[in-house]
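Participant: This structure is in structure tokens; I'll ask about it shortly.
The values are calculated or read from the model by the stated rules, or taken from the named source; none is laboratory data. All values reported here derive from a predicted model rather than from experimental measurement. Reconstructed Cβ throughout: ideal geometry from the backbone, glycine too, with neighbour counts over all protein chains shown.
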Number of protein chains: 2
Amino acid sequence: MKEFGIALLGFGTVGAGVVEGLQRNGDLMAARLGARPVLRGIADVDLKRDRGVTVDPVLLTADAAALIDDPRVDIVVELIGGKGVARTFMRRALERGKSVVTANKALLAEHGAELFDLAAAHNAEIYFGASVGGGIPIIRSLREGLVANRIESLYGILNGTCNYILTRMEQEGLAFEDVLKDAQRQGYAEADPTLDVDGYDTAHKAVLLAWLAYGVRLPIAEVSIEGIRNLAAEDIRYGASLGYRIKLLAVLKRHGERIEVRVHPTMVPRTHMLASVSGVFNAVMVQGDLTGQTLYYGRGAGREPTASTVLGDVADLMKNMVAGSARRFRPDPTAAEPVSLLDRGEAQTRYYLRLALRDRPGSLACITAILGRHGISIASVLQQEVCADEYVPVLIVTHLSRDSECQAAMQEIAKLDVVSGDPVRIRIEE
Amino acid sequence: MKEFGIALLGFGTVGAGVVEGLQRNGDLMAARLGARPVLRGIADVDLKRDRGVTVDPVLLTADAAALIDDPRVDIVVELIGGKGVARTFMRRALERGKSVVTANKALLAEHGAELFDLAAAHNAEIYFGASVGGGIPIIRSLREGLVANRIESLYGILNGTCNYILTRMEQEGLAFEDVLKDAQRQGYAEADPTLDVDGYDTAHKAVLLAWLAYGVRLPIAEVSIEGIRNLAAEDIRYGASLGYRIKLLAVLKRHGERIEVRVHPTMVPRTHMLASVSGVFNAVMVQGDLTGQTLYYGRGAGREPTASTVLGDVADLMKNMVAGSARRFRPDPTAAEPVSLLDRGEAQTRYYLRLALRDRPGSLACITAILGRHGISIASVLQQEVCADEYVPVLIVTHLSRDSECQAAMQEIAKLDVVSGDPVRIRIEE
């Protein structure tokens, strides 16, 4: 049986999952594919640590460059992460015409153009299914199954850490900081959680999805990003009373030749399938013009689900090479019509607003007057009676409103004497 | 730009969707693929009927064989359906080395071995993504994304007609026959609904899924099939009171080297994601040993969703041919370990049982004694007080029980004086 040599760069959590997956299911893959993936070596700076998987010591090396250059290596699996040596080694592999499988969303989101061009120049290919959604086939679906569709919209819960925190905040009524600390203790959140909770990880994934869906390469700086760090437990509670759950969503939408790409905490109706995605699970809902609504759900991270997708990509490359060439995709899936980013201020959503309003006649009238001047139409207002408190919480749900107008209105409202503190503003997607 | 010629056989609902998809998004596909799909002809016995799509009359022909033989045709899209001429034409295409895209689950489930062998012999390929789940990428996921996984289980809502009927029975408290008639009037059910409501369509799909998941070719006669025709509105209501919704599921499960493949109405917990799949939507939940739980959801039928998947398969074939060969998969995805079908009687599930029991002392004791003798352990019993009725409904939920024992117990129970009519038995899957 034909064999293909695999080099593994990075022997961390996912790397150990890939090794274990090959050990456990390598025969099954060979039977299904008619060719066998064979691990030729594992490169890591730390060759001592126990990864919970037994490997022949002869496979371990600290010299990634030599492993990449090994003529018995056909496919390089990059699981180092980050934008430093991962980029160097990926370039090295591609320059030698060796295809790469990676889960590195940050690297591809920020240096994708350079790397995909390099791959094309050397008749190699980059597969990156595990970079978005872990075990969920969202990259594959956008590139292959949905290739005949114009993508109307895409809503993704793409960060397991955030979804875990939001689920516990909701279910246990806890504050963000308390859940974060506990998540860190349990290993569901990193010691430095910034990439996750501030939305950057989701934004990196959104950039990759926008590239596949719309053929645009967005600099990450152009994505509107808001994380979950400032989310108050009371807004989760109030949202629930209005029939919503709060999820950190990547939202991609197409309006003719303009697209929106944003990442923010979002209220979604409790009956929506995305609302029932809890804990570390991820899900992506895609609306294609032919296929209509589709949803993909599964574990968005973790050793084995990510390894499953990495090995699925390895299998694809093996099939490509059996057919005679590693390459199968165009370097840039440019859309037939050029699309460009919608100006951030022009984006329209419904909003949930919460204000602390002084409990005296005319207060609410000041608010509604400002909203009205900015063309923001109110769908519902809920002012709850609070005893013995100068300020009462007022919840306002708006109809579709322009982002710029809503921001301007919030600034005016924040300056009012009858309002205490900054108003809270959370987008709603139905 | 390189062009690939497409022959469309069958200008029905999905065929018209394919034509419209090519007209609307052909440029987009060409931009994404770097090659263009070009419709060379449409064969149908009825060339007059209006399909709601405008086509150049020169494309229309009643001579499918000549169209298949046209040297400008590279890919044959078979959307005739059924096991008659569809088989003849598919064989003709494959014998000429032309690859086929089809949505024909019945043909592949019953004659797949012959057809896939023929494809292999002529260096052609059969793509059949649209044969299961319409716009849902379940075939693709099993063949590609999950290729490194042992499939532990698969639960599918695979028939939109049944799910539509069940959803309306539940939401409106209606009887099966009433909803069926209305569904027929509205075009959601065929004039002869047997294939759908009696579970055969779902069983054909289960056979294809079992082939991909386990490498086995099951004759349809070996699948345990039960449809929704005899489902009573009251069991849907009682199920709801116990926290369950009833769905027609294809269930595939692996127990070591034994697999189960069955189709039946199933009670699923209301909080389970499959329970929230309503109307004509389909969904498949797959448990892989590496990837864990994944779910795929979307429109399981209909003109445009099915056309989307057909065109996705056409795109795959085009990419294969650009790379030099139409073939990409092994003729038979045989599993590394041989698996065989679990004896039907040995299957274990939990059961919901409903009996009409005479309201007199000792009645329930007779029942529980019979269940006990068959090793069936009771999880809960609900006997509701009914005024002025000789027989009262008794609901029993069992723990895991063997099918053969449960059947035997039901037969004994049916013979009891204290029981009126046949007991109802519905499987529960958590």
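Participant: Among the residues of the range B:181-231, write down those that are under 25 Å from B:ASP289 (Cβ atoms), touching an Asp or Glu at 6+ places or on another chain (Cβ under 9 Å) and of a type in the set (D, E, K, R).
Facilitator: B:ARG217
Participant: How many residues, within the range A:19-36, are crowded, with 19+ Cβ neighbours inside 10 Å and more than 9 Å from every other protein chain (Cβ to nearest Cβ)?
Facilitator: Residues that pass the stated criteria total 1.
Participant: With surrounded by fewer than 17 Cβ atoms within 10 Å (Cβ to Cβ) and either touching a helix residue (DSSP H, G or I) at 6+ places or on another chain (Cβ under 6 Å) or not in a loop (DSSP other than H, G, I, E, B) (or both) as the only criterion, which of B:ALA369, B:ALA356 stands out?
Facilitator: B:ALA369
Participant: Also, quick follow-up: Here are some residues: B:ALA250, B:ALA275. Which one is more than 9 Å from chain A (Cβ to nearest Cβ), under 19 Å from B:ARG350 (Cα atoms) and part of a helix (DSSP H, G or I)? Give the derivation first.
Facilitator: On the way: B:ALA250 fails: part of a helix (DSSP H, G or I).
Sole residue among the options that is more than 9 Å from chain A (Cβ to nearest Cβ), under 19 Å from B:ARG350 (Cα atoms) and part of a helix (DSSP H, G or I): B:ALA275.
Participant: Filter the range A:169-195 down to residues that are part of a loop (DSSP other than H, G, I, E, B) and among the hydrophobic types (A, V, I, L, M, F, W, C) and give me whichever is nearest to A:ARG143 (Cα to Cα).
Facilitator: To start, the set of residues in the range A:169-195 that are part of a loop (DSSP other than H, G, I, E, B) comprises A:173-175, A:187-193.
Remaining after also requiring among the hydrophobic types (A, V, I, L, M, F, W, C): A:174-175, A:189, A:191.
Working: A:LEU174: 40, A:ALA175: 39, A:ALA189: 30, A:ALA191: 34 Å.
This residue is A:ALA189.
Participant: Given the conditions (1) surrounded by 18 or more Cβ atoms within 10 Å (Cβ to Cβ); (2) within 11 Å of chain A (Cβ to nearest Cβ), which single one is not true for B:TYR351?
Facilitator: (2)
Participant: Which of the following residues is assigned to a strand (DSSP E or B) and of a type in the set (Lys, Arg): A:ARG49, A:ARG40, A:ARG32?
Facilitator: Numbers: A:ARG49 fails: assigned to a strand (DSSP E or B); A:ARG32 fails: assigned to a strand (DSSP E or B).
After applying the criteria, what remains is A:ARG40.
Participant: What number of residues within the range B:71-91 are in contact (Cβ under 8 Å) with a residue 12 or more places away in the chain and in a loop (DSSP other than H, G, I, E, B)?
Facilitator: Count: 8.
Participant: So, of the residues in the range A:38-56 that are of a type in the set (A, V, I, L, M, F, W, C) and closer than 14 Å to A:VAL14 by Cα, which turns out to be surrounded by the most Cβ atoms within 10 Å (Cβ to Cβ)?
Facilitator: Here the residue is A:ILE42.
Participant: Can you find a residue that is closer than 24 Å to B:HIS122 by Cβ and among the hydroxyl-bearing types (Ser, Thr, Tyr) anywhere in the range B:40-58?
Facilitator: No; the residues of the range B:40-58 include none that is closer than 24 Å to B:HIS122 by Cβ and among the hydroxyl-bearing types (Ser, Thr, Tyr).
To keep it simple, each residue is scored yes or no on (1) crowded, with 17+ Cβ neighbours inside 10 Å; (2) in a helix (DSSP H, G or I).
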| position | (1), (2) |
| --- | --- |
| B:GLY375 | no, no |
| B:ALA379 | no, no |
| B:VAL386 | no, no |
| B:ASP389 | no, no |
| B:VAL397 | yes, no |
| B:CYS406 | yes, yes |
| B:ILE413 | yes, yes |
| B:SER420 | no, no |
| B:ARG425 | yes, no |
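Participant: Also, I was wondering about something else. Of the residues B:ALA307, B:ALA275, B:ALA315, B:ALA283, only one is touching a Phe, Trp or Tyr at 6+ places or on another chain (Cβ under 6 Å) and closer than 19 Å to B:ILE136 by Cα; which?
Facilitator: After ruling out the rest, the residue left standing is B:ALA283.
Participant: Another question about this same structure. Can you tell me how many residues within the range A:196-237 are in a loop (DSSP other than H, G, I, E, B), within 19 Å of A:TYR351 (Cβ to Cβ) and free of Cβ contacts under 8 Å to residues at least 60 places away in the same chain?
Facilitator: Going through the range A:196-237 one residue at a time, the tally reaches 2.
Participant: Right, next: Out of the residues in the range A:303-328 that are at the interface with another protein chain (Cβ under 8 Å from one of its Cβ atoms) and assigned to a loop (DSSP other than H, G, I, E, B), state the one that is surrounded by the fewest Cβ atoms within 10 Å (Cβ to Cβ).
Facilitator: So, considering only residues that are at the interface with another protein chain (Cβ under 8 Å from one of its Cβ atoms) and assigned to a loop (DSSP other than H, G, I, E, B), the one surrounded by the fewest Cβ atoms within 10 Å (Cβ to Cβ) is A:GLY324.
Participant: Something else: For the range A:265-274, which positions are within 16 Å of the chain's Cα centre (by Cα) and either closer than 15 Å to A:SER153 by Cβ or among the aliphatic types (A, V, I, L, M) (or both)?
Facilitator: A:THR266, A:LEU274
Participant: Do we have B:ILE370 as β-branched (Val, Ile, Thr), touching a residue at least 40 places away in the same chain (Cβ under 8 Å) and out of contact with any strand residue (DSSP E or B) (no Cβ under 9 Å at 6 or more places or on another chain) here?
Facilitator: It is true that B:ILE370 is β-branched (Val, Ile, Thr), touching a residue at least 40 places away in the same chain (Cβ under 8 Å) and out of contact with any strand residue (DSSP E or B) (no Cβ under 9 Å at 6 or more places or on another chain).
Participant: Applying the selection to the range A:130-146, what residues are more than 7 Å from chain B (Cβ to nearest Cβ) and either assigned to a helix (DSSP H, G or I) or surrounded by fewer than 22 Cβ atoms within 10 Å (Cβ to Cβ) (or both)?
Facilitator: Across the range A:130-146, the qualifying residues are A:ALA130, A:SER131, A:ILE138, A:ILE139, A:LEU142, A:ARG143.
Participant: Give the number of residues within the range B:281-302 that are modelled with pLDDT under 95 and more than 10 Å from chain A (Cβ to nearest Cβ). Give the derivation first.
Facilitator: Kept after step one, since they are modelled with pLDDT under 95, are these residues of the range B:281-302: B:300-302.
Right, trim to more than 10 Å from chain A (Cβ to nearest Cβ) and you get B:300-301.
Residues that pass the stated criteria total 2.
Participant: How many of the residues making up the range A:147-163 are more than 12 Å from chain B (Cβ to nearest Cβ), surrounded by 23 or more Cβ atoms within 10 Å (Cβ to Cβ) and farther than 20 Å from A:SER278 by Cβ?
Facilitator: Residues meeting the conditions: 1.
Participant: What is the number of the single condition among (1) surrounded by 23 or more Cβ atoms within 10 Å (Cβ to Cβ); (2) in a helix (DSSP H, G or I) that A:ALA240 does not meet?
Facilitator: (1)
Participant: Please verify whether the range A:268-279 includes one or more residues that are buried (at least 20 other Cβ atoms within 10 Å of the Cβ) and within 19 Å of A:ASP403 (Cβ to Cβ).
Facilitator: For the range A:268-279, residues buried (at least 20 other Cβ atoms within 10 Å of the Cβ) and within 19 Å of A:ASP403 (Cβ to Cβ): present.
Participant: Could you identify the single residue in A:LEU94, A:LEU115, A:LEU166, A:LEU108 that is surrounded by fewer than 24 Cβ atoms within 10 Å (Cβ to Cβ), at pLDDT 95 or above and not in a strand (DSSP E or B)? Walk me through it before giving the result.
Facilitator: Details: A:LEU94 fails: surrounded by fewer than 24 Cβ atoms within 10 Å (Cβ to Cβ); A:LEU166 fails: surrounded by fewer than 24 Cβ atoms within 10 Å (Cβ to Cβ); A:LEU108 fails: surrounded by fewer than 24 Cβ atoms within 10 Å (Cβ to Cβ).
Only one candidate passes the filter, namely A:LEU115.
Participant: Going through the range B:218-273 one residue at a time, which ones are touching a strand residue (DSSP E or B) at 6+ places or on another chain (Cβ under 6 Å), more than 30 Å from A:ALA275 (Cβ to Cβ) and of a type in the set (Lys, Arg)?
Facilitator: B:ARG254, B:ARG262
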